[in-house]
Amino acid sequence: MQVWTCKMHNSPRTVFVGDACEDCGQTEQDAARKYEPDNSWLDSVNPPVRGASASSGQENDAPELSMLDQLRAALLDTDGLDSITPPEPLIPGLLYNDSPAWLFGRPGCGKSFVALDIAGCIGAGEPWQGYGPVKQGTVLYLVAEGASGIKQRVRAWEASTRCKMTGVQFLPVAVQASNAPAWTALVSLAAEMRPALIVIDTQARISVGMEENSNTEMGQLVDRIERLRKASAACVLTIHHTGRDGDHLRGAVAIDGAATTTIKVEKDQEILTISNPKQKDAPEFDPFRLRMVAYDDSAILSLIHGPLTVDLSQPAVRKMLVEWWDSHETDWVSVSTLVDARVVTKATFHRNAKALERQGHVEAKGDGSQRRYRLTHKPEL
């Protein structure tokens, strides 16, 4: 019987002709296919502009505007910039609507658990691990890897939160970015659903046959992900692995360059550290920790509240202390006063407040809406 070789693994797999690789789902046709950009979708995003009668739905002989004319029409002056919608948070301080984001880490570090936890909270409209309020909406979760274990993870999440994950629609199909008809169908589905969040789990499983270290081919992958974003106005969160150094997204730098947000997951036994190497349109959030807890036949995540100590050299903490002192010295102030003055974000303040109190840098008094804080001395940084 004839066989073919799947080379998408460290050790090539031998597969019978007519069958797909059991590990990644690639077929012999997928392996032989060369990626060809599909630009037909541009017509639906920027349809040809015709003469005045086009607005009435009647065709005439007016010529289409040239690309030069279209570029002229798209020019904005300084006042015109006000027509651009500013980034709107999906999860304040973490993820933003209508943006591409990557969640990455080493194999087995809990990336998919983090993504599923985010998806469940977006679908339910509940704060995620202390961050909120979130923008509630439907989630399209592309389970291209690990489909056999998704049920147990969802059931554990539902049991621990006492909330059904009704807002998440799972698609257990490894739709290939290199397959133009299949990807176009996925884009159409996203346009139909208009989800708030699309999760791609994982990049490797939807880019089979594409050269991961090629900026050209990864640029084409980014183009496909951009199609999903434009069709749905969703945050598209793609799960990916780190490179051998463990610090950066694996593969070509085109991916990192395209990301609005990158979120890194690191695991040390049951503790997950979540950090933010890149935030294009907002300040990076401070690292925080989650604990992975065994639950039923799977695991769930719980927030570890605040560090015992704070490194005052952290940029966000340093900025907060310096600007707080410059504005108020030792006066008592509310958190909203500091936030409104852009001294600090609410998330950064609450993440570090207890530790700053323990270290003697901050004092607090009052409860609820009457809670006030003050610096005990001028920061020595």
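The values are calculated or read from the model by the stated rules, or taken from the named source; none is laboratory data. All of these numbers come straight from a predicted model, not from anything done at the bench. Note that we place each Cβ from the backbone using ideal geometry, even for glycine, and neighbour counts take in every protein chain shown.
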Residue pairs within 7 Å by beta carbon, gap of at least six or interchain, first lying in region 110-131 and assigned by TED's automatic domain parsing to the domain that holds ARG162 and surrounded by fewer than 24 Cβ atoms within 10 Å (Cβ to Cβ), second of a type in the set (Asp, Glu) and in a helix (DSSP H, G or I), listed first then second, are TRP128/ASP117
Filter region 342-381 down to the residues that are among the acidic types (Asp, Glu) and either over 23 Å from PRO287 (Cβ atoms) or at pLDDT 90 or above (or both) and list them by number.
GLU363, ASP367, GLU380
Only residues in region 85-101 that are aromatic (Phe, Trp, Tyr) count as the first member; pair them with residues that are surrounded by 20 or more Cβ atoms within 10 Å (Cβ to Cβ), Cβ under 7 angstrom, at least 6 apart or cross-chain, and list the lot.
TYR96/LEU90; TYR96/CYS235; TYR96/THR260; TYR96/THR261
What number of residues within region 308-336 satisfy the criterion of being out of contact with any Leu (no Cβ under 8 Å at 6 or more places or on another chain) and within 18 Å of LYS365 (Cα to Cα)?
6
Scanning region 234-252 residue by residue, those of a type outside the set (Ser, Thr, Tyr) and modelled with pLDDT of 95 or more turn out to be ALA234, CYS235, VAL236, LEU237, ILE239, HIS240
Hey, any hits in region 296-314 for a residue that's modelled with pLDDT of 85 or more, exposed (fewer than 13 other Cβ atoms within 10 Å of the Cβ), aliphatic (A, V, I, L, M) and assigned by TED's automatic domain parsing to the domain that holds ILE274?
no
Within region 23-31, is even one residue assigned to a helix (DSSP H, G or I), surrounded by fewer than 17 Cβ atoms within 10 Å (Cβ to Cβ), at pLDDT 55 or above and not hydroxyl-bearing (Ser, Thr, Tyr)?
yes
